Amino acid sequence: MAAPVLSAKKYLFKTCEQASFCRRNRAYADLADSRGAAWDPPYVIDPSTVAFDSGVLQGTIVKTVTDSTGAPNNVEFPFQLVFLESGSARFVVDEKQRVESPIPGFPESLTQRRYNEASKWAVTGDLTPDIGAVESTTDDERKSAVYRVRYGPDGHFEAIVQAKPLQIRFYRDGEPHVILNDRGLFNMDQYRPKPTEMDESKFEDELDVKDMWEENFGGKEDKKPKGPESIALDVTFPGYEHVFGIPEHADQFSLRETRGGDGNHDEPYRLFNVDIFEYEVNSPMAMYGAIPFMQAHKKGSSVAIFWANGAETWIDITKTKPNPEAFGIRKSTQTHWISESGIIDVYILLGPDPSSVYQQYGLLTGFTSLPPIYALGYHQCRWNYNSEEDVLEVDANFDSYDIPYDAIWLDIEYTDGKKYFTWLKSMFPTPEKMMQALDKRKRKLVTIIDPHIKKESGYKVYEGLSKNELALKTDNGEEFNGWCWPGESAWIDTFNPKAVEYWKEQFKSGKYCGHENNLLIWNDMNEPSVFNGPEVSAPRDTIHYGNWEHRDIHNIYGMTFVNATVQAMQARQPRQRPFVLTRSFFAGSQRLGAVWTGDNAATWDYLRIVTPMLLSHSVAGFSFVGADVGGFFGNPTSELLTRWYQAGAFYPFFRGHAHIESKRREPWLPGEPYTSLIRTAIRMRYQLLPSIYTAFHRASFDGVPIIRPLFLLAPDNEDALGIDDQFFFGETGLLVKPIVQEGAMSTEIYLPDEEIYYDYLDQTIYQGIGYKNIEAPLEKIPILARGGHILVRRDRHRRSATLMSHDPLTLVVHLDKTGDAAGVLYLDDGETTSYSRGAYLYRFFIFNVQDNILRSRSMQASSASNKSFEKSIDDVRIEKIIVVGMDTDKLKTNHAVEAFQDRKSWTTDIHITEATDRKASVVTVRDPKIFVTGDWSIQF
Ligand code: NOJ
């Protein structure tokens, strides 16, 4: 059967026009644009309030509004521009009247303030102001109310704040890179009492007063008891034609313009976590997660901003014509950020290059936590495996067909009536025995646990939640109930520390899944998905812990839920690193586990959109990403399924999944030749695990993602900025181009630099910037290895990743155009937290063309824990070294090389495949009898 053609139920979700705050701010932008140079925005800094002290420039922005009598009236917005020790700057603006005196008549059940805790959830890094930042305002500047501060590494950065028109420019080495309020679109809806009778003439300063105090969508009313609270700001990236990030959208990687025109969108990109169960591709519509982080890249520079706001947010993007006088020959990108509520809290990251940007963002929101290595293997999921026998049969089939996998997943049907933490006893009478059977083969079980808790008397999880008032509440303080899988349900409010404690109780060892410790967790539907709620989610006027409205924290909720689950799993298995998969996410979620792109479909279009989506997640700090392999809805053809496995083998998170109505499609079902090709793809993944794990280790301390855009390795090639159907994979130097075309026999792969590239599978040489045609029949995954990298593999086939921990290693050295190469290897026990106390191995490999020697050197400080870890793996050999692209004339002999380790040396055999005019030479050192733990070298 052909896969169904999807159409998002678009009418369920708002357009900008249907969200009054978006509509108003967009109209405000139109008004500003139409006035051009005559635009005189009502917001200015009051110079008498400006002061600089200890890394903070502060003052008050004053808005002149006209009240009902027509007299000007000043509303004050205190701001702080904080120069952080980490090198980033932070601009925060609040509203004075909501911070101070109680507002008469303000509902007691609500916090009067604007929500100011998005950073508290997203940012774990140090926010200490840098006392090394210096104000360098000249007297003349001060007279014209302009202020200047030097900050950042060696004072390379500078911020210039101008009172009127209000504007902040950020410079690096004298060049502007980010401009806040360039277009004068800064806007904050000040508090005003709800008028007893709407009288538009009283609100002349408002462009559109409709829907300010209540709003309807899809027949559902939003009471908006705090009135309009929106915030907006424009951010210009001068001289940058390309911007990236702001996941999650099913769209191209380089973000499109959103104000119409050929190939552009008409709608802004929307960040509002929703259960968009049949999403469209090439759309700016909101999806399951939101990371308000945007990177701008051009030749020689990368910068970014992070908009720390958890409310619904829309982002308009336009590009100006090149302005040679101001910013050179390139276009500039103008962005307009509009959020429903909260404060303005924006971080400015000045790079200068992509890896610095990722590091700066990680220093704020945290880095990818190092996953257990088995989480990087292949995961087998479907909705649903129906019984213990079913699970164990699938498990056994993987062995019969000689295909490795690490975890089998149970979707919602394993529960008794969708009551999480229970089992459908008729089908799963002895879950612990089932888990033990899996554990014997070193495999894991993943169970799904969602945040909706069935409202049923006698269901203990619900009863405790309800009795202790740990669920979301309605605007009148009652437990909020809505519909999801189990029927009527309550939603755990994981903003409440007591709810987190309660959640931890549920996972306790002995209580859930016995004492088994091969349990991993899947958190789904955590946007939250509420079937009968507005836009399939919780009403905005429902109340969370702290008396905040749901509208304020909507995009953060899903992360707090995963946070609770991660804490629960840490409490259950304190020595183990937890693994939790989430569907919903926010900035900072990378600290908690993996994410996937939700409900895609079994068509080529959905396979195609995965690569740009994973790139977008990756640059926004979320490295551990994947997509349902095979497509969730519908039934893939065997060819599509095979191509999807070939692509999926390079997704950081690699899981096959299917909808309950889709046909079974475990790897052995399509039959030959497909099963063998799928096996090959999965095995290739397992082979590369040492390098993949090493890449995750790197992401865990410097934020460089696993899926890397071309500009990460070729930052100066502006022609490559729009290419988003291929990527560099982790630390391997492999350039992967998934085939996403039915019937393809070849593909065009783009080389972004002048480095030498080798076909990873047959060593054909490619060189020169531009597209190269490469054969890609179904048997072949187009992968080129970039010269200069050393990757590490484990070539023995095993049943699961855990079983590979003592297997010998193979080094594959792809020499660069000068004949050199380098690489790293990180190893630890793969599952416990002892690496954080130093129990790991970290080695650097370098091949030097000068002396033709490959060396292995330690990169770790010697400590008792890494010594004891090294001892535990002192049996791990390097069993093979493959050097591609060597000038074989330089070899001392054509049959042996000399190895050195532990002050001894010996000769060891080699095998040479000589170069041809198209293919590189391959020199293979077989069993050199060296061990990974000590320094060694091989003289070729
Ligand atoms: C929605 C998820 O996106 C999907 O992966 C899952 O199978 C269903 N919920 C059922 O739990």
Nearest 10 degrees, 0 to 90: helix 689-702 Cα axis against the chain principal axis = 30 degrees
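In this model, which of Lys14/Lys224; Lys226/Lys419; Lys63/Lys120; Lys194/Lys467; Lys419/Lys444 are farther than 25 Å apart at the alpha-carbon? Don't skip to the end; give the middle numbers.
Details: Lys14/Lys224 17 Å; Lys226/Lys419 36 Å; Lys63/Lys120 28 Å; Lys194/Lys467 35 Å; Lys419/Lys444 22 Å.
From Lys14/Lys224; Lys226/Lys419; Lys63/Lys120; Lys194/Lys467; Lys419/Lys444, over 25 Å: Lys226/Lys419; Lys63/Lys120; Lys194/Lys467.
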The range 654-678-the range 272-331 distance, computed between alpha-carbon centres (Å) | 36 Å
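DSSP beta bridges in the range 710-939, what fraction antiparallel, as a percent rounded to 5? It would help to have the intermediate numbers written out before the result.
Working: 63 of 70 bridges.
Within the range 710-939, antiparallel bridges account for around 90 percent of the total.
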Going 7 Å from the Cα of Arg798 in the Cα-to-Cβ direction, what parts of the range 365-407 have a backbone nitrogen less than 20 Å from that spot?
-> 370-380, 395-407
Label zone at Leu31, where the point sits 7 Å out along the Cα-to-Cβ direction: the range 221-246 residues whose backbone N lies under 20 Å | 227-235
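For a Förster distance of 56 Å, can you work out the FRET efficiency between the beta-carbons of Lys460 and Gln80, rounded to the nearest 0.05?
On the way: r = 47 Å, r/R0 = 0.84.
Computed FRET efficiency for Lys460 and Gln80 comes out at 0.75.
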So which cysteines in the chain don't have a second cysteine's C-beta under 4.7 Å from them?
-> Cys381, Cys484, Cys513
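Expressed in nm to one decimal, what extension gain is obtained for the pair Thr893 and Thr430 from 0.36 nm per residue of sequence separation less their Cα-Cα distance? Please report the intermediate quantities before stating the final value.
Working: separation 463, 0.36 × 463 = 166.68 nm, distance 6.27 nm.
Roughly 160.4 nm would be gained on extension.
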Can you work out D for the range 52-176 in µm² s⁻¹ from Stokes-Einstein, where Rh is the Kirkwood radius over C-alpha pairs, the temperature is 10 °C and the viscosity is 1.306 mPa s?
-> 95 µm²/s
Whole-number value, in Å³ per residue, for the convex hull of the alpha carbons of the chain is 172 Å³
Report the paramagnetic label zone for Glu661: residues of the range 279-293 whose backbone N is under 15 Å from a point 7 Å from Cα along the Cα-to-Cβ axis.
-> 279
Approximate spin-label separation Asp439-Arg837, in nm, with each point projected 7 Å along Cα-to-Cβ = 2.2 nm
Degrees separating the helix 638-648 axis from the principal Cα axis of the chain, which is the longest one | 80 degrees
Could you go through the range 469-476 in sequence order and give the Karplus-derived ³J(HN,Hα) for each residue, using 6.51 cos²θ - 1.76 cosθ + 1.60 with θ = phi - 60°, rounded to whole Hz, and x for Gly and Pro?
-> 6, 9, 9, 4, 10, 7, 5, 9
Over the chain, relative contact order from alpha-carbon pairs under 8 Å, at least 6 apart, % | 10 percent
Label point distance in nm, Asp353-Asp935, each placed 7 Å from Cα along Cα→Cβ | 2.7 nm
Roughly what angle does helix 388-400 make with the longest principal axis of the chain, taking Cα atoms, 0 to 90 degrees, to the nearest 10?
-> 50 degrees
Using label points projected 7 Å from each Cα along Cα→Cβ, tell me how many nm separate Lys817 and Ala571, to one decimal.
-> 5.8 nm
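Compute the FRET efficiency between Phe900 and Phe701 as 1/(1 + (r/R0)^6), taking r as their Cβ-Cβ distance and R0 = 25 Å, and round to the nearest 0.05.
On the way: r = 31 Å, r/R0 = 1.23.
The pair Phe900/Phe701 has a calculated efficiency of 0.20.
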Just check the range 482-622 against the gyration tensor rule for me: Cα atoms, a ≥ b ≥ c as the square roots of the eigenvalues, rounded for a/c under 1.5, and otherwise prolate or oblate depending on whether a/b exceeds b/c.
-> oblate
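Values in this text are rule-based calculations from the coordinates and carry no lab data. The model shown is predicted, which means the values in this text are computed figures rather than measured ones. Glycine also receives a Cβ, built like all others from the backbone with ideal geometry; neighbour counts cover every protein chain displayed.
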